[in-house]
Every structure is written in structure tokens, then in C-alpha cells.
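Novice: Once you've had a glance at the structure underneath, I'll fire off some questions.
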Amino acid sequence: MKDIIRTIFLLCDVGSEDFCRLYAIAYNLILYAIAYIDFIYAIAYILCMDMIVRNAKQLGASIRRVRRAKNWNQNLLGDRMHVRQATISKLESGEPRTEIGVLMATLAALDLELVIRPRTTISETEIEELF
């Protein structure tokens with residue numbers, strides 16, 4: 001990268017002192033651009049990341065994570081779903097007897113969807129580490 005910038009400045013007949021100054025500016029701009037792109041990729045990854053769920057506890061943790069990312073408390077989510085806060089608490093704690101209707105209403109309120117696909121080869125321990 002340094003050679004490319006040096007070649008451009010040589011072609012433009014820039015003096016040595018000016019070259020150093022311009023090189024420093026160009027280098028900093030490139031660093032800022034790379035950092036900005038990395039930041040955008042990180043945000044996109046977080047926002048679009050699939051959550052692998054294989055049990056009720058993982059499902060509850062995923063729902064809690066999304067709810068908190070929206071800065072919602074359990075009462076607000078319950079109000080949007082027309083259920084009590086205790087129902088949300090049970091779902092997020094991994095209560096295995098949660099009704100499918102409650103789960104689907106929760107996903108809709110959080111603007112999520114359920115995707116059914118073949119199971120990946122990742123172990124349950126590795127999935128637990130995500131939570």
C-alpha cells in the first residue's frame with residue numbers, strides 16, 4: 001500500500017516533505033476507512049446473526065437478548081402481546097411448558113421469525129457458550 005501511494009505522489013511530482021505529509025494523511029484516512037468498514041460489518045453481523053436454539057433454555061436466552069437489545073423490559077413486551085409479565089419471565093427462563101401460541105406472539109412482537117432447517121454439526125456445548 002505504501003508503494004502504491006509513493007508511486008502516485010511521484011507521478012504527481014510531489015516533493016519529499018510534501019510526500020511525507022500527504023502520505024500520513026492518506027494512511028490515516030485508509031485506517032479510518034478500514035475501521036469504519038469493520039464497524040459496519042460488526043453491526044450487520046449482530047443485527048442479522050442467526051441464533052441457534054436447541055432447547056427451551058437457549059430459546060429463552062435468545063428472546064431475552066433480543067428484548068434487551070430493543071431496550072424493552074418484560075412488562076413492555078407483555079403489554080404488546082397482551083400477556084402478563086410473569087408469562088414473559090417463564091418463557092425467558094426456559095419454562096418447557098410454554099404454549100406455542102405464546103412463543104409465536106413473542107416472536108411477532110419482537111419482529112422475529114422461526115426458521116426450521118436441518119441441524120448443524122455444532123455441539124450443544126458450543127451453542128451454550130454463545131449464551
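Novice: Need the full-extension length gain, Ile30 to Met104, defined as separation in residues times 0.36 nm minus the C-alpha distance. One decimal, nm.
Specialist: Extending this stretch completely gives an extra 22.1 nm.
Novice: Using per-residue counts of other Cβ atoms within 10 Å, averaged over each peptide, order 24-31, 54-61, 110-117, 92-99 from highest down.
Specialist: Packing order, densest peptide first, comes out as 54-61, 92-99, 24-31, 110-117.
Novice: What translational diffusion coefficient, in µm²/s and rounded to a whole number, does the Stokes-Einstein relation yield for the range 56-130 at 37 °C and a viscosity of 0.692 mPa s, taking the hydrodynamic radius as the Kirkwood radius over Cα pairs?
Specialist: Roughly 253 µm²/s, to the nearest whole number.
Coordinate-derived values only; no laboratory data. Quick caveat, the model's predicted, so the values are computed rather than measured. So basically every Cβ, Gly included, is an ideal-geometry build from the backbone, and we count neighbours across all protein chains shown.
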